[in-house]
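The values are calculated or read from the model by the stated rules, or taken from the named source; none is laboratory data. All figures in this text were calculated on a predicted structure; none of them were measured in a lab. Note that each Cβ is placed from the backbone with ideal geometry, even for glycine, and that neighbours are counted across all protein chains shown.
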Amino acid sequence: MAGKKPTAEAVKGKNPIRFTDTTFRDGHQSLLATRMRSEDIIPFMERMDQMGYWALEVWGGATFDTTHRFLGDDPWDRIRIIKGILKKTPTMMLLRGQNLVGYRNYADDVTYRFVRYAAEAGVDIFRVFDALNDMRNWEVSIKALMDAKKEGLMAHFQAAVCYSLTQRRMGGPIFNLEYYVNFAKRSAEMGADSFVLKDMAGMVSPNDAYDIIKAIKETIKIPVEFHTHYTSGQGSMSYLKAIAAGVDILDTCLSPFALRTAQPAIEPIVVAVEQTDRATDMDLAKLIEIGQDLERVAVKYRDLLDTSKMAQIDTGVLLHQIPGGMYSNLVNQLKEANALDRILEVMADLPQTREELGYPPLVTPTSQIVGIQAVMNVLFGRYQMVPAEVKGLAYGLYGKTPAPMDKKVQKLILKGYERGEEPTTKRPGEILEPEWDKAVAATKGLAKDDGDVLVYALYPTTGERFLKWKYGLEPIPEEVKAKSLEQVKLEDDVYLTIKKKNLFQKVKEYLDRIETPVPDKGPGLRTFNVFVEGQYYAV
């Protein structure tokens, strides 16, 4: 019996899976140090808008920092232009709660203004998370979103839980199934429009993904999304199990920017769900076509791709549950201290340090905070040297940890701390002095609008420098300027020319050696003593 002929058009299932594309935010952030320029992103938006995505994640995360710091790009211009092109598909950003798109908690006045301004500039869906999963760090952002909604903006609030582990599989006293289900339930009660399980380190196993998604879907009525990274190699398997569990939306990249430490690729998943109830009607041929065009642009950024090893996954994550980025930071810190031989001691200290500090999820910035303290413990003795960030964590400056800190350790850390030796129970934003008026005063005569002031408020040093570039008060350095495809081709030609010349020279030298016989030693043979830069050679 002959099989069915493939149809040209995809057939949508009864409950089609939806997708958020992360290529133009998390994709290049994970693989290319967030260096993709607006001029290379914007040309793809019109076609991406026609594909039927649930959302396009194009902003937030590290993009705000890198655009103004390294690229001379205006982050606000990027989102405005993209929003102006997209007619069907909502934009999405990653918002770090009270951290916004920076690396510290900002005052309430700056936090509120940033979220409102972003909503007005063109962000539709705000994926809000906190590194400690402390929902109090969402409060000001949520208020700003609710106020924006009243004015007719989409201002969709997507609550995110940071997935974390204390062992190889989900479980234990902290990060168990009940923890994630309760978090989702509380998020819905706070007014979340959707919910996402955010596995930033790519550590969730397929069966655990199934159990979490299934339980959450049975608990809340809002759409449930799943975000993971391919770091450990489990990403696509976890997605298939999540689909079986009823997940509504998956985060994926176009194949050129997928896998490795980014998200799973969309193309194979579209094929995998064909002829099932979860089948999507997304056009596979068009997805592949866009991916091929992306390949042509990606060559401009190839030097940023990590090619130091053959493996595309980090199997160490499977062994020790330490995210790849955190492990590499530990290695770098020990190298700088000339103590790399003590890495195993640090790895052994990490679980104890993390427990003593209240089991913070190992994501930015808490992964760095736990990691540096473990290094200090090994090099100088346990808590004999404590960095300012660890003191801030112990005081409550970052929020409430998932579990209580060890009281003795906390007391030791906070001894003589400038903010006080007793930890605060206040929401972190309540501790911080207002910052907006100071930023306005500091940028008087330079900033033209609130967007400019916000760039400065979040990043005073690099923000001021960017504003001077933007308004022609300082020249943009050559290394910041964009590189064209023509320049890349010229570099290739030069490289190949040099390579050919070197190869030709090596072949010539080889032929000379085999064709020219070595002369016999003559009667006048002598030895000369030659000194070159202090080195002695007998010739």
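Numbers for the structure displayed
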item	result
Filter result for TYR398 (closer than 20 Å to THR111 by Cα, in contact (Cβ under 8 Å) with a residue 40 or more places away in the chain and either touching a Gly at 6+ places or on another chain (Cβ under 9 Å) or not small (Gly, Ala, Ser) (or both))	yes
Unmet requirement for ILE266, which otherwise passes all of (1) among the β-branched types (Val, Ile, Thr); (2) touching a Cys at 6+ places or on another chain (Cβ under 9 Å); (3) surrounded by fewer than 18 Cβ atoms within 10 Å (Cβ to Cβ)	(3)
Residue check for GLN410: within 22 Å of ARG104 (Cα to Cα) and within 26 Å of the chain's Cα centre (by Cα)	no
The listed residue being among the small types (Gly, Ala, Ser) and within 29 Å of ALA62 (Cβ to Cβ), out of GLY416, GLY324	GLY324
When residues of region 315-341 are limited to those that are modelled with pLDDT under 90 and in a loop (DSSP other than H, G, I, E, B), the one nearest to LEU379 (Cα to Cα)	ILE322
Conditions (1) closer than 20 Å to GLN263 by Cβ; (2) part of a helix (DSSP H, G or I); number of the one not met by GLN312	(2)
Members of region 104-124 found to be in contact with an Asp or Glu (Cβ under 8 Å, 6 or more places away or on another chain) and not in a loop (DSSP other than H, G, I, E, B), listed by number	ASP108, ASP109, VAL110, ARG113, ARG116, TYR117
Residue match in region 239-255 (condition: assigned to a loop (DSSP other than H, G, I, E, B), crowded, with 24+ Cβ neighbours inside 10 Å and modelled with pLDDT of 95 or more)	yes
Wholly enclosed helices (runs of 4 or more DSSP H) of region 383-458 bearing at least 1 residues exposed (fewer than 15 other Cβ atoms within 10 Å of the Cβ)	388-395, 407-414, 428-431, 436-442
Residue list for region 459-476, restricted to those being within 15 Å of PRO75 (Cβ to Cβ) and not in a helix (DSSP H, G or I)	TYR459
Residue identified as assigned by TED's automatic domain parsing to the domain that holds MET45, part of a helix (DSSP H, G or I) and either within 19 Å of the chain's Cα centre (by Cα) or of a type in the set (D, E, K, R) (or both) among ARG278, ARG296, ARG260	ARG296
Looking only at region 153-191, and only at residues there that are of a type in the set (S, T, N, Q) and crowded, with 23+ Cβ neighbours inside 10 Å, the one that is nearest to the chain's Cα centre (by Cα)	SER164
Criterion violated by THR166 - all others in (1) in contact with a Gly (Cβ under 6 Å, 6 or more places away or on another chain); (2) without any contact (Cβ under 8 Å) to a residue 40 or more places away in the chain satisfied	(2)
